[in-house]
1. Can you tell which of A:Gln151, A:Gln161, A:Gln137 is within 9 Å of another protein chain (Cβ to nearest Cβ) and assigned to a helix (DSSP H, G or I)?
2. State all residues of segment B:285-308 that are surrounded by fewer than 23 Cβ atoms within 10 Å (Cβ to Cβ) and at positive phi; if no residue qualifies, say none.
3. Modelled with pLDDT under 80 and facing chain A (nearest Cβ under 7 Å), is that true of B:Arg100?
4. With the requirement that a residue be part of a loop (DSSP other than H, G, I, E, B), hydrophobic (A, V, I, L, M, F, W, C) and in contact with an Asp or Glu (Cβ under 9 Å, 6 or more places away or on another chain), what does segment A:35-74 give you?
5. Out of the residues in segment A:35-55 that are open to solvent by 10 Å² or more (accessible area, probe 1.4 Å) and under 24 Å from A:Leu116 (Cα atoms), state the one that is nearest to the other protein chains (Cβ to nearest Cβ).
6. Listed residues B:Gly144, B:Gly187, B:Gly132, B:Gly113; which is modelled with pLDDT under 75, out of contact with any strand residue (DSSP E or B) (no Cβ under 8 Å at 6 or more places or on another chain) and among the small types (Gly, Ala, Ser)?
7. Quick one: what pairs do we get from segment A:58-73, first residue within 13 Å of B:Ile61 (Cβ to Cβ) and within 8 Å of another protein chain (Cβ to nearest Cβ), second among the charged types (D, E, K, R) and open to solvent by less than 30 Å² (accessible area, probe 1.4 Å), C-beta under 8 Å, 6+ apart or different chains?
Amino acid sequence: MGSRASTLLREEEIEEIKKETGFSHSQITRLYSRFTSLDKGENGTLSREDFQRIPELAINPLGDRIINAFFPEGEDQVNFRGFMRTLAHFRPIEDNEKNKNAAASEPLNSRTNKLLFAFRLYDLDRDDKISRDELLQVLRMMVGVNISDEQLGSIADRTIQEADTNGDNSISFNEFIKVLEKVDVEQKMSIRFLH
Amino acid sequence: MLLWATLRMEMEAKEKNQQLYKPYSSGNMLKCYQSLMLIIPELRGSASCLHSEPEFEMADIFYFCRRGVESIVDDEVTKRFSAQELETWNLLTRSHYNFRHISLRLTVLWGLGVLIRYGILLPLRVTLAATGISLILVLTTLVGFLPSRELRFFLTEKVHVMCYRICVRSLTAMITYHNRENKPKNGGICVANHTTPIDVIILANDGCYSLIGQAHRGLLGMVQRAMVKSSPHIWFDRSEVKDRHLVAKRLSDHVADKTKQPILIFPEGTCINNTSVMMFKKGSFEIGCTVYPVAIKYDPLFGDAFWNSSKFGMVNYLLRMMSSWAIVCSVWYLPPMNREEGEDAVQFANRVKAAIAAQGGLVDLIWDGGLKRAKVKDAFKEEQQKLYSKVLVGEQEQGDNKSSEENPEEDKSYHGSANGQ
């Protein structure tokens, strides 16, 4: 009989992903099943079109930015590891979670990493700064044609004014963190993964 | 016996402490009925007080982000186009997703199953099917030659029912009909949810219907042409499908003639995997005659009847059907419905859809089954953008209609909005 699913996803891989992302064994298998169901080309990677085929994502105003977050710089395909790595940002933070090895880097779903994910949604050119232009573009994505340029512009200006502390007319990651320090990021950027 | 096999497997899995991949239970499918509207009630928490200044917060992006990733992990639509996952295994390779060698006994069982299914059941069924189809061809043609109309009607019914019975046996379909007093009558339209082409056989087993559909070539085309000789069916060409008026006219003509059998229509337009009912196309609801809704629910335990047309061709599909254990389904005839005063076709269609979904225990979705192949329309995205703009600039510039689609989503709401500032 043998295993059909696991010839494609070996136990060692599952273990590695477990260590890297913190998902449980069954969550990984379930997400792998989801990954394969999205992978219409059956070549083990997802392209942007595969994501866009999800209607609920296609109607999300920021759908394209979210899809983009899955793809590393300049690449057009994402494999299962990359898929899981990105999804790991949305794993809820458990209270009893401690860093198993102190030497290891922060877990992917830490508050800072969640904020970094959101920051990158705004930061279109990946230069670690949100410029007024970038903010405007993202705002335009979110509101469509329903708000005038002037109004949108003033919203952008106000936002940058409030956030910008070092006067360079753009928002750096640290300024971004500061603006959102009162927000319950852990809850807003977490989704329930069924076991 | 199947239950035993499943229990066995689950027990062994637990013993070995393996994480048995549990498919989604049906409870999960009932979450979030309002899949079309990404609700934006929580962005401003209790701030229903209008601000004169448009208010944007950088945290707003979290909402879209979260919804987006949630839909990547699981969404209501794409999973309707592939076969349902089973809770327990039914000894068919095709429905097992967590294929692991659990025990020798199970393998032997499975092997036995394969032998029985392919060695005994399949040949039997294929023979039966072949007999059934040839009988339809021959007998309907013969009946078509008869001069007397009444005799034709009488014989047609008998012939049809007999042939369909044979076809049903060939699939080993165990059908339970409920509420037969509501069976569709002449001069009406019968509307049902669509899972597979076999739906037709299942329904025709219990009554005579006129069918409407695309004219095929080959064997199916031959059968179609033969059927038309003895009773009225509506087959049209693909090119004519686009001409809705023509189709509508033919439909209304047929329906107006009270001596003609009820027409069987599947308003979803495509096969859905029988866990949900998707958008009903309004064409058949515009005609204005009595609609007889029928809910068909298959039990996938003995064989999943869903036809994934992008994965399997018709012949492949039929072979798979004939090599399953059985097709088990329930058919509910619902009381007839008519369009009410002041109700337009779309509302009527949705009402019928809701009734069918409720009876069959299916999820009632507003998504279009056409999304199987086509992209979602931009209008929906624009709808979302509009909703968000309303939140930003308040109600002042958007007119007085409060968004009435806001329904609380218990499992997705933030407890105690912690929107800073």
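1. The conditions single out A:Gln151.
2. Passing the criteria: only B:Gly288.
3. Taking the combined requirement at face value, the residue satisfies it.
4. A:Ile54, A:Ile59
5. The extreme case among them is A:Gln52.
6. Just a single option satisfies the conditions, and that option is B:Gly144.
7. A:Asn60/B:Arg67
Yes/no per residue for (1) out of contact with any helix residue (DSSP H, G or I) (no Cβ under 6 Å at 6 or more places or on another chain); (2) in contact (Cβ under 8 Å) with a residue 40 or more places away in the chain:
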{"position": "B:Arg165", "(1), (2)": "yes, yes"}
{"position": "B:Asn179", "(1), (2)": "yes, yes"}
{"position": "B:Asn182", "(1), (2)": "yes, yes"}
{"position": "B:Lys185", "(1), (2)": "yes, yes"}
{"position": "B:Pro197", "(1), (2)": "yes, yes"}
{"position": "B:Ala204", "(1), (2)": "no, yes"}
{"position": "B:His233", "(1), (2)": "no, no"}
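The values are calculated or read from the model by the stated rules, or taken from the named source; none is laboratory data. It should be emphasised that the depicted structure is a prediction, and the values quoted were computed from it without experimental measurement. With ideal geometry, Cβ positions are generated from the backbone for all residues, glycine too; neighbour counts draw on all protein chains shown. Keep in mind that these areas ignore ligands, DNA and RNA; they rest on the heavy atoms of the full protein, side chains included. Shrake-Rupley method; radii C 1.70, N 1.55, O 1.52, S 1.80 Å.
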